[in-house]
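Contents: one structure, followed by commentary.
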Amino acid sequence: MSIETIVKEFSAVAANPKGQLKAYKDAGKKCIGVMPYYAPEELVYAAGMMPFGMWGSNSKTIQRAKEYCATFYCTIAQLDLEMLLDGTMDLLDGVITPTICDTLRPMSQNIRVAMSEKLPCIFLAHPQNRFADFGKQFCMDQYDHVKGELEKIAGHEIKSEDIAKAIKVYNKSRAARREFVKLASEHCDVIDPIMRSAVLKAAWFMDKAEYTEKLEALNAELKALPAAKWNGVKVVTSGIICDNPVLLKVFKDNNVAIAADDVAHESRAFRTDASEEGDPMMALVEQFTNTDYDILLYDPQSSKNRRGEFVANLVKESGAQGLVLFMQQFCDPEEMEFPYLKRALDAAGIPFIKLGVDQQMRDFGQAATAIQAFADVLSVQ
Amino acid sequence: MAKQVSPGVLALRKVVDDVYADAREAKKQGKLVGWSSSKFPCELAEAFDLNVMYPENQAAGIAAQRDGEIMCQAAEDLGFDNDICGYARISLAYAAGKRASRKFDPETLEFIIDPKSGKPLKDENGNVVIDPETGKPKKDPKTQVPYTVLDDIHEIEALPETTEKEIAYKNFRREAIKPYKQMRIPQPDFVLCCNNICNCMTKWYENIARMCNIPLIMVDIPYNNTIEVSDSAVKYVRAQFDAAIHQLEELTGKKFDEEKFELACKHANRTAQNWLKVCDYLQYKPAPMSGFDLFNHMADVVTARGKEAAADAFDLLAHDLEQNIKEGTSTLPFPEKYRVMFEGIPCWPKLPNLFKPLKENGVNVTAVVYAPAFGFVYNNMDEMARAYYKAPNSVCIEQGVAWREGICRDNKVDGVLVHYNRSCKPWSGYMAEMQRRFTKDLGVPCAGFDGDQADPRNFNEAQYTTRVQGLVEAMDANKKD
């Protein structure tokens, strides 16, 4: 298949999650909504069910969720609730609600209350003190709870060997996505930021084995291409999510390619693999406890600026000239980490811009001006 | 006539003053001083005789002293978004060395008075003196204060001190920092973080640790979805207590003193019980105190829970209240017509503005969720872990509602006033559903208003007054039915 055809297929999936949900349901699969962050999707997959990523929406307006949320809440979480209330996600058989940030904590309650007659909500609280054995044990207890609840929905036990198989499928998918990120940068003349986003976003709404097969085919096609002749600039993107095609078109129009990302919806979600050796449940636990350099997670070496320096290194290693930070409105963790990210970028001499975004934004005029000006600055450097 | 302050209140004030003074003295003597989140198990630090300051209490104090805005802005200038919790912003600015100070002339070393500050001047008959030039009331010079400016302790310390003039200037600039206790707490040597209040706390304390290059001791309390605290959760927290003790041993070079720990636990339990006893006096109708008093007394539960003096002071206050009951008096400066629960943290910079329409309408706050929220009572380490697992923002909606409806019933409220606190996402995050439940379960009206615990820019007095008015009308209608 041609690059164009595969990308088109991914784009169609990314643009129509509701259609994907229906297709899986029609095929007899049970589907589980998975909210951010770090939920062990592999358990859903191992249960023979289809995990469905829930990262808000770029086209919906918050209406029903207002019954539950004050205005100063992250739009991703509010739109997840909106889609559960307005019927978009009615076909789901359950939803996993992690609670690692201050918005997701009360949101887990709002969703459980709002969905009490509609679908089961599976609560998940990750430990922040996650490195010692006691942290791992707590995480294991939580994952056991999630597993038990999933078994109730699936109607059967989730076997250890199925979890092991799911881990292999997911590791393969993560490796393919990491490779795609590199190839998309190397061939940024072919894969523009809109396509890159669509390819990565589709992973949240597809069976991972099916997704990986398609992505590996795309990667093979990209590898076969001659080196890109790129006259534009390259940046690293950072933030929670930047999947709005209208905003990404501004990148494309200004010849700004994405060399790598530090985005929760993209690379942060597939940076860390689970071990394929030993107890698969412990492998999933350790996959979480090994997750590092993440704004949502506690860093015991907090007197150092490890995350800031990690992102600055990412920019350098990826060959980008600068960084674009998508500051998700009302996201405390991102906001709290900004001053030290800035410090690390400044120390490394990396130019950056910070764009305030949320999923209710429809006018990107201001962002467009900023990106255009930033591209001009980078191009003369 | 000066307002009469009861012995209990005086004792409570002294306890907090002593905590601050002791920490300043400890720092002078070269001892370690830590900063701690309000619901970190203070019993652990007490076992090591450590002096600990509480940034939340400090931020509330700074906000109440009207310096919340300048400190919040200082944090914003450091790159912290104005969306972040106001307490965190004030604390981060302070940790970075920023201080609210008094403007002075560098040549004369005299303060520059803000002509807009101060109270109106009154003549010998108590009448306001009008300035014939402006037609406006004259200010009483004795009550006027200098302009508030932002300073930075690191800048001050970097100043030269070779000439006498330079030394005098440097010293004056040090002294110009506002003299109230919350603006004069020592910089931290370590931080103690327990995120049972919010996850913002985790990032807040990480930032302090980074700014000051100091160790952080972390007790993580994940959010809980059930009223019960599971054995798994208790095990996790217990193990963290042990890890924290080990870290404190390394930090102080001392062994964990079990006897001191037991004693601190004993005091903490007594403080909690006496705090709950004091809170329970709001069950009397009319109440022998203004519920707003509890907001002030919270400082003791936060900063001195593990100290005998705090337990004693609450005991004394309970006696005062008992006396009020006998005499039929109250600290409420108006007759109590309605009783409400005040939901959330008060808007510290705007306390008089919060109080005004309540006073005008005879509304007493007779219930605050802080009553059960700080009532940590336990008999052993496992129960202690369970107790600390239950903070207002770490409990599920059923527990949150049960706490509130319990005090609403016991304290006989006629309505609920809900503060949608711009600083506190986890707290405000399920209030809409809670409001619906209060009305359904208790049959009382609720009114919400927008505000902030520390940043005065997020409070709209007109909206607040209208909402209070609406609540009063609804309570009135409810009473007539």
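The values are calculated or read from the model by the stated rules, or taken from the named source; none is laboratory data. Fair warning: this is a prediction, and the values are worked out from it, not measured in the lab. Cβ atoms come from the backbone with ideal geometry, glycine included; neighbour counts cover every protein chain shown.
Would you pick out the residues in region A:333-360 that are among the aliphatic types (A, V, I, L, M) and either within 13 Å of chain B (Cβ to nearest Cβ) or in a strand (DSSP E or B) (or both)? Steps first, answer last, please.
Taking region A:333-360 and keeping what is among the aliphatic types (A, V, I, L, M), we get A:336, A:341, A:344-345, A:347-348, A:350, A:353, A:355, A:357.
A:MET336, A:LEU341, A:ALA344, A:LEU345, A:ILE353, A:LEU355, A:VAL357, listed by residue number.
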What's the number of the only condition in (1) closer than 14 Å to A:VAL34 by Cα; (2) modelled with pLDDT of 95 or more; (3) not small (Gly, Ala, Ser) that A:MET89 fails to meet?
(2)
Would you check which residues across region B:189-203 are part of a loop (DSSP other than H, G, I, E, B), more than 9 Å from chain A (Cβ to nearest Cβ), under 20 Å from B:ILE245 (Cβ atoms) and within 18 Å of the chain's Cα centre (by Cα) and list them?
B:ASN196
Output for region B:427-439, where each listed residue is of a type in the set (D, E, K, R) and either at the interface with another protein chain (Cβ under 8 Å from one of its Cβ atoms) or free of Cβ contacts under 8 Å to residues at least 24 places away in the same chain (or both)
B:GLU433, B:ARG436
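Table: residues versus (1) in contact with a Ser or Thr (Cβ under 8 Å, 6 or more places away or on another chain); (2) surrounded by fewer than 19 Cβ atoms within 10 Å (Cβ to Cβ); (3) under 20 Å from B:CYS85 (Cβ atoms).
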residue: A:GLY56; (1), (2), (3): yes, no, no
residue: A:THR61; (1), (2), (3): no, yes, no
residue: A:CYS69; (1), (2), (3): no, no, yes
residue: A:LEU79; (1), (2), (3): yes, no, no
residue: A:GLU82; (1), (2), (3): yes, no, no
residue: A:ASP86; (1), (2), (3): no, yes, no
residue: A:THR99; (1), (2), (3): yes, no, yes
residue: A:VAL113; (1), (2), (3): no, yes, no
residue: A:PRO120; (1), (2), (3): no, yes, no
Within region A:80-115, considering residues that are more than 8 Å from chain B (Cβ to nearest Cβ) and β-branched (Val, Ile, Thr), the one farthest from A:GLN142 (Cα to Cα)
A:THR88
Testing A:THR291 on (1) under 17 Å from A:ALA264 (Cα atoms); (2) surrounded by 20 or more Cβ atoms within 10 Å (Cβ to Cβ); (3) away from chain B (no Cβ under 14 Å), one condition comes back false. Which one is that?
(2)
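So which of A:ILE163, A:ILE194, A:ILE158, A:ILE167 ends up being at pLDDT 95 or above, in a loop (DSSP other than H, G, I, E, B) and either farther than 30 Å from A:ALA375 by Cα or of a type in the set (A, V, I, L, M) (or both)?
Checking each option against the conditions leaves just A:ILE158.
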Can you tell me which residue within region A:207-262, out of those that are of a type in the set (Val, Ile, Thr) and not in a strand (DSSP E or B), is surrounded by the fewest Cβ atoms within 10 Å (Cβ to Cβ)?
A:VAL246
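Out of everything in region B:149-188 that is among the acidic types (Asp, Glu), closer than 17 Å to B:LEU109 by Cα and within 30 Å of the chain's Cα centre (by Cα), what residue ends up being surrounded by the fewest Cβ atoms within 10 Å (Cβ to Cβ)?
Only one residue tops the list, namely B:GLU175.
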From (1) without any contact (Cβ under 8 Å) to a residue 60 or more places away in the chain; (2) outside any loop (DSSP other than H, G, I, E, B); (3) among the aromatic types (Phe, Trp, Tyr), pick out the condition that doesn't hold for A:TRP204.
(1)
Evaluate the following for A:LYS118: is it among the charged types (D, E, K, R), more than 21 Å from the chain's Cα centre (by Cα) and more than 13 Å from every other protein chain (Cβ to nearest Cβ)?
yes
A:SER302 vs. criteria at pLDDT below 95 and either over 17 Å from the mean Cα position of the chain (by Cα) or over 28 Å from A:ASP162 (Cβ atoms) (or both)
yes
What about B:ARG467, is it in a helix (DSSP H, G or I) and away from chain A (no Cβ under 14 Å)?
yes
Given the residues B:ILE84, B:ILE90, B:ILE62, which is the only one that is among the aliphatic types (A, V, I, L, M), crowded, with 22+ Cβ neighbours inside 10 Å and assigned to a loop (DSSP other than H, G, I, E, B)?
B:ILE84
A:LEU325 vs (1) over 18 Å from A:LYS182 (Cβ atoms); (2) more than 20 Å from the chain's Cα centre (by Cα): all pass except (2)
Of these, A:LYS316, A:LYS252, which one is in contact (Cβ under 8 Å) with a residue 24 or more places away in the chain and over 30 Å from B:TRP204 (Cβ atoms)?
A:LYS252
Is it the case, given these coordinates, that A:ALA77 is in contact (Cβ under 8 Å) with a residue 24 or more places away in the chain and within 14 Å of chain B (Cβ to nearest Cβ)?
yes
Filter region B:218-232 down to the residues that are buried (at least 22 other Cβ atoms within 10 Å of the Cβ) and not in a loop (DSSP other than H, G, I, E, B), then identify the one that is nearest to the other protein chains (Cβ to nearest Cβ).
B:MET218
Contacts under 8 angstrom Cβ, first residue in region A:369-381 being more than 12 Å from A:LYS234 (Cβ to Cβ), partner assigned to a helix (DSSP H, G or I), 6 or more apart
A:ILE371/A:VAL250; A:ILE371/A:PHE251; A:GLN372/A:VAL250
Is it the case that some residue within region B:323-344 is crowded, with 17+ Cβ neighbours inside 10 Å, assigned to a loop (DSSP other than H, G, I, E, B) and among the β-branched types (Val, Ile, Thr)?
yes
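Could you list, in sequence order, the residues of region A:294-308 that are within 26 Å of A:ALA367 (Cα to Cα) and either outside any loop (DSSP other than H, G, I, E, B) or more than 14 Å from every other protein chain (Cβ to nearest Cβ) (or both)? I'd like the intermediate steps shown before the answer.
Let us first name the residues in region A:294-308 that are within 26 Å of A:ALA367 (Cα to Cα), namely A:294-296, A:307-308.
A:ARG307, A:GLY308, listed by residue number.
Return the only residue of B:CYS424, B:CYS446, B:CYS408 being in contact (Cβ under 8 Å) with a residue 12 or more places away in the chain and in contact with a Ser or Thr (Cβ under 7 Å, 6 or more places away or on another chain).
Numbers: B:CYS424 fails: in contact with a Ser or Thr (Cβ under 7 Å, 6 or more places away or on another chain); B:CYS408 fails: in contact with a Ser or Thr (Cβ under 7 Å, 6 or more places away or on another chain).
Testing whether each residue is in contact (Cβ under 8 Å) with a residue 12 or more places away in the chain and in contact with a Ser or Thr (Cβ under 7 Å, 6 or more places away or on another chain) leaves just B:CYS446.
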If we scan region B:29-41, do we find a residue that is away from chain A (no Cβ under 14 Å) and assigned to a helix (DSSP H, G or I)?
no
Within region B:81-98, restricting to residues that are without any contact (Cβ under 8 Å) to a residue 60 or more places away in the chain and closer than 22 Å to A:ILE353 by Cα, the one that is farthest from the other protein chains (Cβ to nearest Cβ) is B:ASP83
B:LEU351 is checked against (1) over 29 Å from B:ALA45 (Cβ atoms); (2) crowded, with 17+ Cβ neighbours inside 10 Å; (3) under 20 Å from the mean Cα position of the chain (by Cα) and fails just one. What number does that condition carry?
(2)
Step by step: first the residues of region A:27-74, then only those that are touching a strand residue (DSSP E or B) at 6+ places or on another chain (Cβ under 9 Å) and among the aromatic types (Phe, Trp, Tyr), then the one that is farthest from the other protein chains (Cβ to nearest Cβ). Which residue is that?
A:TYR45
So which pairs qualify, if the first residue must be in region B:155-168 and of a type in the set (Asp, Glu), the second must be in a loop (DSSP other than H, G, I, E, B), the Cβ gap must be under 6 Å, and the two must be at least 6 apart or on different chains?
B:GLU166/B:PRO160
